[in-house]
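**Student:** Sharing a structure here in structure tokens format.
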Amino acid sequence: MADTLIQVQNVTKVYYRDKLEVPVLNNISFDVARGEFLALMGPSGSGKSTLLNLIAGIDQVTEGKIVVGDDEITAMSGGKLAAWRAHNVGFIFQFYNLIPVLDAYHNIELPLLLTPLSRKERRDHVMTALRLVDLEDRMDHYPKQLSGGQEQRVAIARAIVTDPTLIVADEPTGDLDARSATEILTLLERLNAEFGKTIIMVTHDPSAAQRAHMVRTFEKGVMGVQEVAIRT
């Protein structure tokens, strides 16, 4: 994990409500190594999810710069940024964000519809992702026919089907029971350890954060850091 994948440089984020300024992040700087598993922790409103969205190119900084690989994403806008997200970022959400009228296979295939891949190539990618999350036998099931843990595994398969550079996960175990949460965290660890995926995870759960290489803590937009032993 020697080379740097993400550089967050002097990032400040302020939201505006009418004439009121609402500061969320204050002059945040840190690097993320390629292949790192980073957890962001802090109370609600501390800025961790905002930072995740900035790194993923969903939101724009007020001040500062974010570089991912060779791309300064804070200098992008519109279609260029959307194309960058589609090729480089896999998203995992607390409430899965699956399309209820699509089965697992077609939910996973969705990001590939934005690529030039043929139908057969898309199928190969989807089946590979299904095997990785151990859901080949549920590919024809709709979200309402799946458990919460299975829905989240479908969401993870959708996040990795494009082979993204970066996986961002916002409270991925927040809506799951303890057993399902453990399975999801083990799957994320596998994606990190076996496939070298760089993962940034927002979580309130200290036991989830302990799966990461490093925990960065937030309090009112200011960042601290806690080193966590890397598992071998």
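The values are calculated or read from the model by the stated rules, or taken from the named source; none is laboratory data. A quick note: this is a predicted structure, and the numbers were derived from the prediction, not measured. Virtual Cβ from ideal backbone geometry, glycine too; neighbours counted across all protein chains shown.
**Student:** Would you mind listing the strands (runs of 3 or more DSSP E) fully within the stretch 16-93 where at least 3 residues are not hydrophobic (A, V, I, L, M, F, W, C)? Reasoning before the result, please.
**Tutor:** Numbers: elements: 20-33, 37-41, 63-68, 89-92.
The qualifying strands (runs of 3 or more DSSP E) are 20-33, 63-68.
**Student:** Report every pair of residues separated by at least 6 positions or lying on different chains whose Cβ atoms are under 7 Å apart, first residue within the stretch 119-139 and touching a residue at least 40 places away in the same chain (Cβ under 8 Å), second in a helix (DSSP H, G or I) and basic (Lys, Arg).
**Tutor:** Once the first residue is touching a residue at least 40 places away in the same chain (Cβ under 8 Å) and sits in the stretch 119-139, its partners that are in a helix (DSSP H, G or I) and basic (Lys, Arg) give Val133/Arg153.
**Student:** So if I check each of Pro116, Pro100, which one is modelled with pLDDT under 95, over 29 Å from Glu36 (Cβ atoms) and not in a helix (DSSP H, G or I)?
**Tutor:** So the residue among Pro116, Pro100 that is modelled with pLDDT under 95, over 29 Å from Glu36 (Cβ atoms) and not in a helix (DSSP H, G or I) is Pro116.
**Student:** Shifting gears a bit: Scan the stretch 6-44 for residues that are loosely packed, with under 14 Cβ neighbours inside 10 Å and under 29 Å from Asn192 (Cα atoms) and jot them down. Walk me through it before giving the result.
**Tutor:** Filtering the stretch 6-44 down to residues loosely packed, with under 14 Cβ neighbours inside 10 Å leaves 10, 15-23, 27, 29, 31, 43-44.
Selection gives Asn10, Asn27, Ser29, Asp31, Pro43, Ser44.
**Student:** Determine if the stretch 140-152 includes at least one residue that is closer than 24 Å to Ile200 by Cβ and among the hydrophobic types (A, V, I, L, M, F, W, C).
**Tutor:** Within the stretch 140-152, none of the residues are closer than 24 Å to Ile200 by Cβ and among the hydrophobic types (A, V, I, L, M, F, W, C).
**Student:** Something else: Taking the stretch 118-157, which residues are of a type in the set (A, V, I, L, M, F, W, C) and touching a strand residue (DSSP E or B) at 6+ places or on another chain (Cβ under 9 Å)?
**Tutor:** Of the residues in the stretch 118-157, the ones of a type in the set (A, V, I, L, M, F, W, C) are 126-127, 129-130, 132-133, 135, 139, 146, 154-157.
Ala155, Ile156 - these are the residues of the stretch 118-157 that are of a type in the set (A, V, I, L, M, F, W, C) and touching a strand residue (DSSP E or B) at 6+ places or on another chain (Cβ under 9 Å).
**Student:** Which residues, counting only those in the stretch 62-78, are of a type outside the set (Ser, Thr, Tyr) and more than 23 Å from Glu36 (Cα to Cα)?
**Tutor:** Initial filter on the stretch 62-78 (of a type outside the set (Ser, Thr, Tyr)): 63-73, 75-76, 78.
Within the stretch 62-78, Glu63, Ala75, Met76, Gly78 qualify.
**Student:** Let me ask something else. Of all residues in the stretch 47-70, count the ones that are surrounded by fewer than 17 Cβ atoms within 10 Å (Cβ to Cβ), touching a helix residue (DSSP H, G or I) at 6+ places or on another chain (Cβ under 8 Å) and either under 17 Å from Asp170 (Cβ atoms) or among the polar types (S, T, N, Q) (or both).
**Tutor:** Qualifying residue count for the region: 3.
**Student:** Would you mind listing the helices (runs of 4 or more DSSP H) fully within the stretch 128-232 where at least 1 residues are within 24 Å of Ile55 (Cα to Cα) and basic (Lys, Arg)? Break it down into steps so the answer makes sense when it comes.
**Tutor:** Values: elements: 148-160, 178-195, 206-209.
Because the criterion is at least 1 residues that are within 24 Å of Ile55 (Cα to Cα) and basic (Lys, Arg), the helices (runs of 4 or more DSSP H) in the stretch 128-232 that meet it are 148-160, 178-195.
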